[in-house]
1. Looking only at region 84-121, which residues are over 19 Å from V53 (Cα atoms), aliphatic (A, V, I, L, M) and open to solvent by 10 Å² or more (accessible area, probe 1.4 Å)?
2. Just need a number here: residues in region 84-113 that are in a helix (DSSP H, G or I) and among the acidic types (D, E).
3. Limited to region 180-199, what total is found for residues that are in contact with a Gly (Cβ under 7 Å, 6 or more places away or on another chain) and open to solvent by less than 30 Å² (accessible area, probe 1.4 Å)?
4. Could you list, in sequence order, all residues of region 183-224 that are over 19 Å from the mean Cα position of the chain (by Cα) and under 16 Å from I271 (Cα atoms)?
5. For a quick check of your reading of the model, give me the residue pairs whose first member lies in region 302-317 and is over 15 Å from D181 (Cβ atoms), whose second is open to solvent by 10 Å² or more (accessible area, probe 1.4 Å) and of a type in the set (V, I, T), with beta-carbon atoms closer than 8 Å and at least 6 apart or on different chains.
6. Only one of these is within 26 Å of S294 (Cα to Cα) and not aromatic (F, W, Y): T163, T248. Name it.
7. Hand me the list of helices (runs of 4 or more DSSP H) wholly inside region 245-359 holding 1 or more residues that are closer than 30 Å to R206 by Cβ, open to solvent by less than 20 Å² (accessible area, probe 1.4 Å) and in contact with a Lys or Arg (Cβ under 8 Å, 6 or more places away or on another chain).
8. Please tell me if G81 is under 19 Å from L298 (Cα atoms), in contact (Cβ under 8 Å) with a residue 12 or more places away in the chain and either crowded, with 18+ Cβ neighbours inside 10 Å or of a type in the set (D, E, K, R) (or both).
Amino acid sequence: MRWDKIRLRVTAALAAGLLAPIATASTSTAAETATEPATQAAAALPPGTPAAVNGQLKVCGLQLCNSAGKPIQLRGMSTHGIQWYSQCVKTASLDALANDWKADVLRISMYIQEGGYETNPRKFTDMVHGYIEEATKRGLYALVDWHQLTPGDPNANLSRAKTFFTEIAQRHKDKTNIIYDIANEPNNVGWDRVRSYAEQMIPVIRAQDSDGVVLVGTHGWGSLGISDGRDETDIVNNPVRATNFMYTFHFYAASHKTEYFNALTRAASKIPLFVTEFGTQTASGDGGNDFTNSQKYLDFLASKKISWTNWNFSDDSRSGAVFKPGTCSGSSFTGTAPLKPAGVWIRDRIRTADNFPTS
């Protein structure tokens, strides 16, 4: 998420005490699970759920494939920053995401700066452990998002990333539902720097988890370089030297029109892609919804079986947060009553038959 200006407003809100606490004793949150002993047995994947049906994912050619080698498309939601909105990721909301929304994947958005990981690495690592276990209990894929944003060069957080992903991969290496996203939205940095970072980080994960799918954000805030005045040829001509690996693309339909869509369509025929973040509104995550352009994107992604997660699963005041303000303080998350227009729209898209293979 591009937080260049929004981040300042959120910081101000935190200082004024306007945002809800990340967890309270009266709410049953996934974060609470994270405080349990590291020796806790991993939950089994419930039969018939997306992660149970499809098993260990792998990249085959340009596609994300299941354990049988068949191309699939995952569809689901991204949390908001867990330092601000962990109260929206709890038993009732995750049950709704899995059982009412029929989602396949939960993207766990852990900011590095902006009051996130760097302020308390132990706390935030344990929170992510907990969310992975909660996703696993529901048969969802858990997409671990290293949400670096400012600074835009992911190398600035290289040491932190190595520490974090070593522990995450070591503990969860035997799970078949983990996806690693090692850099959210590189920005104001050349592709060569992002590529160098990826080629340093992938071996760190592979040393613990030999078969997990790894993702990395593309330059220009995940735009394949478009927002930085570049394009996908930077990547196509100088790809990351790795296997079982994909590139990420982000779009906000009310802001990102023809130039962005065309870059996506060109890139999709040359490199494996995963849309780890998109919204139906502007790049600020706010404003009016452009459902027409959003549908154009989703139709293309469906045609190519490119997986996606929508931003975001919270009750933030902006139009891009799916729940109405105040929803996360309660326990009612099913149906359309708690949802803003963007939430109603995206829930319907996730619930549409996903054409999963059965073997």
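1. A92, the sole residue that qualifies.
2. Residues in region 84-113 being in a helix (DSSP H, G or I) and among the acidic types (D, E): 2 in total.
3. Looking only at that region, the number is 8.
4. W191, R195
5. Within 8 Å, the pairs are D315/T327.
6. Just a single option satisfies the conditions, and that option is T248.
7. 258-268
8. Taking the combined requirement at face value, the residue does not satisfy it.
The values are calculated or read from the model by the stated rules, or taken from the named source; none is laboratory data. As the structure is a prediction and not an experimental result, all values here were calculated from the model. Note that each Cβ is placed from the backbone with ideal geometry, even for glycine, and that neighbours are counted across all protein chains shown. Quick note on the areas: whole protein, heavy atoms, side chains included, nothing else; ligands and nucleic acids left out. Shrake-Rupley method; radii C 1.70, N 1.55, O 1.52, S 1.80 Å.
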